[in-house]
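Asker: Starting off with a structure, shown below.
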Protein chains: 2
Amino acid sequence: MKPRPDFKSEIDTPALVIDLDVLEANIARMQSFFDGQTANLRPHFKTHKCPPIARRQLRAGAKGITCAKVGEAEVLVQAGVKDILIANQVVGGLKIRRLARLLRRARVTVAVDEARNVKDLSAAAAAAGAPLGVLVEVDIGMGRCGVKPGKEAVELARCVARCPGLEFRGLQGYEGHLVLQAPGGDKDRLTLEALSLLVKTVGALCRAGIECKEVSGGGTGTYRTSGAHPVMSEIQAGSYATMDARYAKVTPEFGNALFCVVTIVNRPKKNVAIGDAGMKSLTTEFGMPQAWGIRGVKVERLAEEHTLMRVRGEGARLVPGDKILLVPSHGCTTFNLHDRVYGVRDGSVECRWRIAARGRAE
Amino acid sequence: MKPRPDFKSEIDTPALVIDLDVLEANIARMQSFFDGQTANLRPHFKTHKCPPIARRQLRAGAKGITCAKVGEAEVLVQAGVKDILIANQVVGGLKIRRLARLLRRARVTVAVDEARNVKDLSAAAAAAGAPLGVLVEVDIGMGRCGVKPGKEAVELARCVARCPGLEFRGLQGYEGHLVLQAPGGDKDRLTLEALSLLVKTVGALCRAGIECKEVSGGGTGTYRTSGAHPVMSEIQAGSYATMDARYAKVTPEFGNALFCVVTIVNRPKKNVAIGDAGMKSLTTEFGMPQAWGIRGVKVERLAEEHTLMRVRGEGARLVPGDKILLVPSHGCTTFNLHDRVYGVRDGSVECRWRIAARGRAE
């Protein structure tokens with residue numbers, strides 16, 4: 001009898017792996033939700049930073065890709081993606097020049113919340129001779145970026161509409177303060193309240209005679225409410241495709257596709273095991289990574305290069321050299337630590353993808 | 001009059017920069033301490049992961065380089081470094097094979113704390129036909145890796161000495177639980193107590209007729225005590241060269257050479273400024289990054305791509321587009337987020353170094 005293949009034996013550690021069946025099921029599940037809605041999906045690239053995953057999302061039916069930074073947009077353009085939203089403000093001469101260089105190769109849209117920045121973008125886009133799309137970002141409760149809903153947004157939209165090189169495309173509003181809230185309770189009500197600020201602003205634009213074609217926002221944690229809301233034209237969900245231990249509590253309808261393979265390197269005590277993945281391979285701002293497929297293993301702490309785990313039962317039988325899987329607590333920042341991810345199916349490695357936009361925060 | 005150059009205008013953000021004058025002064029200061037001691041310096045590469053800095057440390061007089069992982073050792077060998085200590089256990093077939101491939105190109109030493117691992121290393125080194133140096137790691141209080149001082153260490157040393165392909169070179173003991181303790185108080189006493197476990201083990205090896213040529217350990221936070229101790233032959237200090245906000249409280253005799261350049265992207269409130277460096281560019285396990293060269297700026301929190309800062313006074317005059325410097329709280333994990341670092345001198349960029357071992361945790 002042929003032994004069942006074990007992909008872990010093919011991979012040196014620490015390393016990220018993706019279960020390709022689960023990834024594909026997650027992408028299909030989210031797309032099928034949007035196939036029944038007015039809004040479409042514009043998956044966020046900041047999570048996986050991996051062009052082959054973005055291409056799968058587009059093939060499934062997503063209308064374009066969202067990203068966080070110009071550096072990520074450069075990678076997407078290089079990978080042939082033709083419709084890109086940079087869902088943040090792009091500030092500073094060097095960065096705006098880099099943005100302008102992308103305009104002839106893709107449809108690019110950017111968020112703004114300040115008139116001076118709009119003028120800078122306008123000058124660069126006009127010089128580039130290709131239009132830059134603009135969404136006016138509205139602060140719908142997160143208190144980080146965005147203008148006030150209503151009048152202030154209308155004024156900035158008018159400023160955009162008057163500026164050469166720019167195309168006013170609509171609004172962005174991100175309920176980032178709600179995406180991680182567990183389902184149930186007042187989550188839907190609070191999400192609807194936040195979205196009502198976008199409804200109000202779309203109304204004000206309409207009364208001012210300014211056409212608002214797009215309203216972009218939302219995330220994996222609110223897609224059921226925001227994605228079904230008539231005001232939204234697109235949802236910027238990212239985590240759903242690969243998931244992580246934190247989102248498992250928020251959107252359990254998606255399976256976990258992302259793991260870190262860890263080798264046990266020491267067993268200093270009966271109830272302690274040390275793994276070889278530390279803070280340089282995993283992140284902890286959303287809590288500790290979770291053991292997968294083995295009982296009695298609890299990550300207690302990460303050192304720079306070591307995983308400190310409390311073990312009992314099955315976990316206590318681990319010996320140095322054994323490899324186990326951990327589910328990262330936060331996929332977005334974990335992908336950002338790794339240069340590559342292995343795609344596995346039926347117990348063996350099927351592909352190796354470069355995380356091409358890793359570290360492209362600039 | 002020629003305007004004073006400002007390196008910040010040459011660099012898109014977020015980006016790491018090193019003040020080259022301060023870096024060189026730190027390297028010279030640490031080396032001059034060791035020039036008066038029995039022990040020498042084996043700087044730890046895991047901090048900066050940057051071959052050009054390692055070469056400067058070697059030119060100043062360091063005896064070799066310490067690193068944490070085989071992936072880092074591969075980068076060092078590629079960069080021409082000839083004497084490398086991997087100060088951790090190297091566990092697992094794939095990794096040991098990679099280690100063995102380095103033996104013909106450099107003098108490599110590795111830490112061990114388990115007989116089965118010693119056998120695996122022996123088989124690979126014997127097959128490679130070039131010796132692998134081995135230090136038996138002794139747990140001197142951190143409780144993570146290492147055998148017990150005394151008898152247990154002697155037994156493992158004897159096992160190493162009997163194994164073909166391996167050269168027993170001595171001991172490793174790292175007082176990692178003490179390196180971040182502020183100077184004064186019981187720090188020196190506790191450090192000496194930890195080192196006394198190495199003294200005891202060297203004595204036991206001597207009585208067993210096993211020659212112990214090297215005793216490696218220590219760090220930036222304990223170098224004054226461990227580097228002056230007669231039992232130590234080399235100190236694995238890393239942070240001193242570039243420093244960070246955490247080590248500034250431990251070893252203020254070294255200047256801060258490492259900064260992250262951040263652009264202000266939003267001013268949502270009178271007392272709040274938002275920068276463009278988040279958790280993908282800075283780390284927080286040792287606290288928040290600290291503003292440098294400007295008063296009235298306090299980092300309160302990092303989002304994935306944003307710095308949330310409380311501002312007043314001089315800080316309250318910041319406008320979008322302004323660039324400021326932050327001192328990372330933990331250099332080692334911050335370098336690991338960036339692909340390059342800019343070297344600056346006299347207000348302009350002098351060089352751009354690739355952080356070649358970034359992400360090489362495997």
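The values are calculated or read from the model by the stated rules, or taken from the named source; none is laboratory data. Nothing here was measured: the structure is a model prediction, and the numbers come from that model. Every residue, glycine among them, receives a Cβ derived from its backbone with ideal geometry; neighbour counts consider all protein chains shown. Keep in mind that these areas ignore ligands, DNA and RNA; they rest on the heavy atoms of the full protein, side chains included. Shrake-Rupley method; radii C 1.70, N 1.55, O 1.52, S 1.80 Å.
Asker: Six or more apart or on different chains, Cβ atoms under 6 Å: show the pairs whose first residue is in the stretch B:143-157 and at positive phi and whose second is open to solvent by less than 40 Å² (accessible area, probe 1.4 Å).
Answerer: Here the result reads B:146/B:113; B:146/B:137; B:146/B:138; B:150/B:201; B:150/B:204, each pair linking the stretch B:143-157 to a residue that is open to solvent by less than 40 Å² (accessible area, probe 1.4 Å).
Asker: Just the residues that are open to solvent by 10 Å² or more (accessible area, probe 1.4 Å) and under 16 Å from residue A:199 (Cα atoms), please, taken from the stretch A:148-166.
Answerer: Correct list: A:148, A:149, A:151, A:152, A:154.
Asker: Any residue in the stretch B:168-184 that is more than 14 Å from chain A (Cβ to nearest Cβ), modelled with pLDDT of 95 or more and in a loop (DSSP other than H, G, I, E, B)?
Answerer: No - not one qualifying residue is present in the stretch B:168-184.
Asker: Would you mention how many residues in the stretch B:289-318 are open to solvent by 60 Å² or more (accessible area, probe 1.4 Å) and out of contact with any helix residue (DSSP H, G or I) (no Cβ under 6 Å at 6 or more places or on another chain)?
Answerer: 10
Asker: Still on this structure, I have one more. Could you check the stretch B:330-341 and list, in sequence order, the residues that are open to solvent by 10 Å² or more (accessible area, probe 1.4 Å) and in contact with a strand residue (DSSP E or B) (Cβ under 6 Å, 6 or more places away or on another chain)?
Answerer: B:338, B:340, listed by residue number.
Asker: Can you pull out the residues in the stretch B:167-191 that are open to solvent by 50 Å² or more (accessible area, probe 1.4 Å) and within 18 Å of residue B:44 (Cβ to Cβ)?
Answerer: B:174, B:177
Asker: Now, a different point. For residue A:344, state whether it is in contact (Cβ under 8 Å) with a residue 12 or more places away in the chain and open to solvent by less than 20 Å² (accessible area, probe 1.4 Å).
Answerer: Considered against the rule, which asks whether it is in contact (Cβ under 8 Å) with a residue 12 or more places away in the chain and open to solvent by less than 20 Å² (accessible area, probe 1.4 Å), residue A:344 comes out as yes.
Asker: I'm trying to understand the selection: among the residues of the stretch B:1-54, which are closer than 27 Å to residue A:362 by Cα, part of a helix (DSSP H, G or I) and either at pLDDT below 95 or open to solvent by 10 Å² or more (accessible area, probe 1.4 Å) (or both)?
Answerer: Hits for the stretch B:1-54 are B:7, B:8, B:9, B:10, B:21, B:22, B:51, B:52.
Asker: Moving on. Can you name the number of the only condition in (1) over 28 Å from residue A:250 (Cα atoms); (2) out of contact with any helix residue (DSSP H, G or I) (no Cβ under 8 Å at 6 or more places or on another chain); (3) within 14 Å of chain B (Cβ to nearest Cβ) that residue A:161 fails?
Answerer: For residue A:161, the failing item is (3).
Asker: Checking the structure you have, find out if any residue of the stretch B:328-338 is assigned to a strand (DSSP E or B) and within 17 Å of the chain's Cα centre (by Cα).
Answerer: Within the stretch B:328-338 (the criterion being assigned to a strand (DSSP E or B) and within 17 Å of the chain's Cα centre (by Cα)), the answer is no, since none of the residues qualifies.
Asker: Contact list please: Cβ distance under 7 Å, first residue in the stretch A:309-326 and more than 12 Å from residue A:268 (Cβ to Cβ) and in a helix (DSSP H, G or I), second residue open to solvent by 40 Å² or more (accessible area, probe 1.4 Å) and not basic (Lys, Arg), pairs at least six apart or on different chains.
Answerer: Going by the 7 Å Cβ cut-off, the qualifying pairs are A:316/A:271.
Asker: More than 11 Å from every other protein chain (Cβ to nearest Cβ), in contact with an Asp or Glu (Cβ under 9 Å, 6 or more places away or on another chain) and either on the phi > 0 side of the Ramachandran plot or crowded, with 23+ Cβ neighbours inside 10 Å (or both): does that describe residue B:326?
Answerer: So residue B:326 does not fit the description; no.
Asker: Here's something else I'd like to know. Among (1) outside any helix (DSSP H, G or I); (2) more than 23 Å from residue B:173 (Cβ to Cβ); (3) of a type in the set (Gly, Ala, Ser), where does residue B:123 come up short?
Answerer: Among (1) outside any helix (DSSP H, G or I); (2) more than 23 Å from residue B:173 (Cβ to Cβ); (3) of a type in the set (Gly, Ala, Ser), residue B:123 violates only (1).
So that you can scan it fast, the table gives a plain yes or no per residue for (1) more than 21 Å from residue A:218 (Cα to Cα); (2) more than 12 Å from chain B (Cβ to nearest Cβ):
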residue	(1), (2)
A:10	yes, no
A:27	no, yes
A:41	no, yes
A:79	yes, yes
A:82	yes, yes
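Asker: Still on this structure, please answer the following. Give the stretch B:121-147 a look and list any residue that's surrounded by fewer than 20 Cβ atoms within 10 Å (Cβ to Cβ), more than 25 Å from the chain's Cα centre (by Cα) and within 14 Å of chain A (Cβ to nearest Cβ), or say none.
Answerer: Once the filter is applied, which keeps residues that are surrounded by fewer than 20 Cβ atoms within 10 Å (Cβ to Cβ), more than 25 Å from the chain's Cα centre (by Cα) and within 14 Å of chain A (Cβ to nearest Cβ), the stretch B:121-147 yields only B:123.
Asker: Examine the stretch B:56-73 for a residue that is buried (at least 24 other Cβ atoms within 10 Å of the Cβ), among the polar types (S, T, N, Q) and away from every other protein chain (no Cβ under 14 Å), and state whether such a residue exists.
Answerer: Taking every residue of the stretch B:56-73 in turn, at least one turns out to be buried (at least 24 other Cβ atoms within 10 Å of the Cβ), among the polar types (S, T, N, Q) and away from every other protein chain (no Cβ under 14 Å).
Asker: Looking at (1) under 18 Å from residue B:335 (Cα atoms); (2) over 28 Å from the mean Cα position of the chain (by Cα), which is the one condition that is false for residue A:311?
Answerer: Failing condition for residue A:311: (1).
Asker: Restricting the stretch A:221-257 to residues that are part of a helix (DSSP H, G or I) and farther than 21 Å from residue A:37 by Cα, which is farthest from the chain's Cα centre (by Cα)? Steps first, please.
Answerer: Going residue by residue through the stretch A:221-257, those that are part of a helix (DSSP H, G or I) are A:221-226, A:239-241, A:247-249.
With the extra rule that they be farther than 21 Å from residue A:37 by Cα, the set shrinks to A:247-249.
Details: A:247: 12, A:248: 15, A:249: 17 Å.
For the stretch A:221-257, the residue satisfying everything is A:249.
Asker: Confirm whether residue B:165 is under 28 Å from residue A:310 (Cβ atoms) and touching a residue at least 40 places away in the same chain (Cβ under 8 Å).
Answerer: no
Asker: While we're here: Given the criteria assigned to a helix (DSSP H, G or I) and more than 7 Å from chain B (Cβ to nearest Cβ), does residue A:105 qualify?
Answerer: Answer is no for this residue.
Asker: If you check B:245, B:194, B:237, B:273, which single one turns out to be surrounded by 18 or more Cβ atoms within 10 Å (Cβ to Cβ), touching a Leu at 6+ places or on another chain (Cβ under 6 Å) and in contact (Cβ under 8 Å) with a residue 12 or more places away in the chain?
Answerer: After ruling out the rest, the residue left standing is B:273.
Asker: Is one or more of the residues making up the stretch B:272-281 facing another protein chain (nearest Cβ under 10 Å), hydroxyl-bearing (Ser, Thr, Tyr) and part of a helix (DSSP H, G or I)?
Answerer: no
Asker: Just checking, does the stretch A:89-101 include any residue being open to solvent by less than 10 Å² (accessible area, probe 1.4 Å), farther than 25 Å from residue A:56 by Cβ, assigned to a loop (DSSP other than H, G, I, E, B) and not small (Gly, Ala, Ser)?
Answerer: Looking through the stretch A:89-101, at least one residue is open to solvent by less than 10 Å² (accessible area, probe 1.4 Å), farther than 25 Å from residue A:56 by Cβ, assigned to a loop (DSSP other than H, G, I, E, B) and not small (Gly, Ala, Ser).
Asker: Return yes when residue A:108 is more than 17 Å from the chain's Cα centre (by Cα) and either buried (at least 23 other Cβ atoms within 10 Å of the Cβ) or closer than 23 Å to residue A:289 by Cα (or both) and no when it is not.
Answerer: Details: more than 17 Å from the chain's Cα centre (by Cα): yes; either buried (at least 23 other Cβ atoms within 10 Å of the Cβ) or closer than 23 Å to residue A:289 by Cα (or both): yes.
The answer is yes for residue A:108.
Asker: For the stretch A:276-288, enumerate the residues that are surrounded by fewer than 24 Cβ atoms within 10 Å (Cβ to Cβ) and of a type in the set (A, V, I, L, M).
Answerer: A:279, A:288
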